Structure formats: C-alpha cells, structure tokens
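Everything on this sheet refers to the single structure shown next.
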Amino acid sequence: MATIKISENAEGALEELLGQYITVFCCRYIYNGKLISIYDGAILLDDSGIVYETGAFDKKDWERLEKLPHNKWYISKQSIESFGILK
C-alpha cells in the first residue's frame, strides 16, 4: 500500500533532504551541493557550486558547474523558488 506524506511547509521537505546533494533554483542562480544545515532564514550547502549551464536534465553531469571557492555556501530561503535532487 502506498502512503502519502503531507508536510505543513517547505521546511519539512528540506529536512527530508538533509545530507543529500540537492539542486536549488533561486531567483537568479542555480546552486548545487550537499544540504548540511537548515536555519530560520537560510540553508547551508557543502561542496557547493553554481550551475551556469544545465545541459539535458536527464544527463548525469551538469554542462557547466563552477565550484565556489569555499565549499560551504549559505542560500537565503527567501530566494529559493524550488529545490530537490536533480543530478
């Protein structure tokens, strides 16, 4: 039997992805990295980068991903449009 999990807010959805590599679509950039922390106003990615060219979504790797100079990067929750495991 299949079950459906209902979350009251996106915070619960983010918590389900802790410790996994996620893609975060924001108002200006696409970020990729390992979700390691969730704060009131931000999330923290490790091994993070900005995706400048996605390429086909069904391919394993990004067409052009540039790693950020410091592995850890904070992203404002207000900027997040969507997120999930993509590649």
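The values are calculated or read from the model by the stated rules, or taken from the named source; none is laboratory data. Predicted model, so just to flag it, every value in this text is computed and none were measured. Here the Cβ positions follow ideal geometry from the backbone for every residue, glycine too, while neighbour counts run over all protein chains shown.
Annotations
- Within region 48-65, residues that are on the phi > 0 side of the Ramachandran plot reach partners that are of a type in the set (Asp, Glu) with beta carbons closer than 9 Å, at six or more positions or on different chains, in the pairs GLY55/ASP61; GLY55/GLU63.
- Region 22-43, subset touching a Ser or Thr at 6+ places or on another chain (Cβ under 7 Å) and surrounded by fewer than 14 Cβ atoms within 10 Å (Cβ to Cβ), residue farthest from ASP61 (Cα to Cα): GLY41
- Matching residues, region 9-21, being small (Gly, Ala, Ser) and either surrounded by 16 or more Cβ atoms within 10 Å (Cβ to Cβ) or at pLDDT 95 or above (or both): GLY19
- Residue match in region 26-35 (condition: at pLDDT below 95 and touching an Asp or Glu at 6+ places or on another chain (Cβ under 8 Å)): yes
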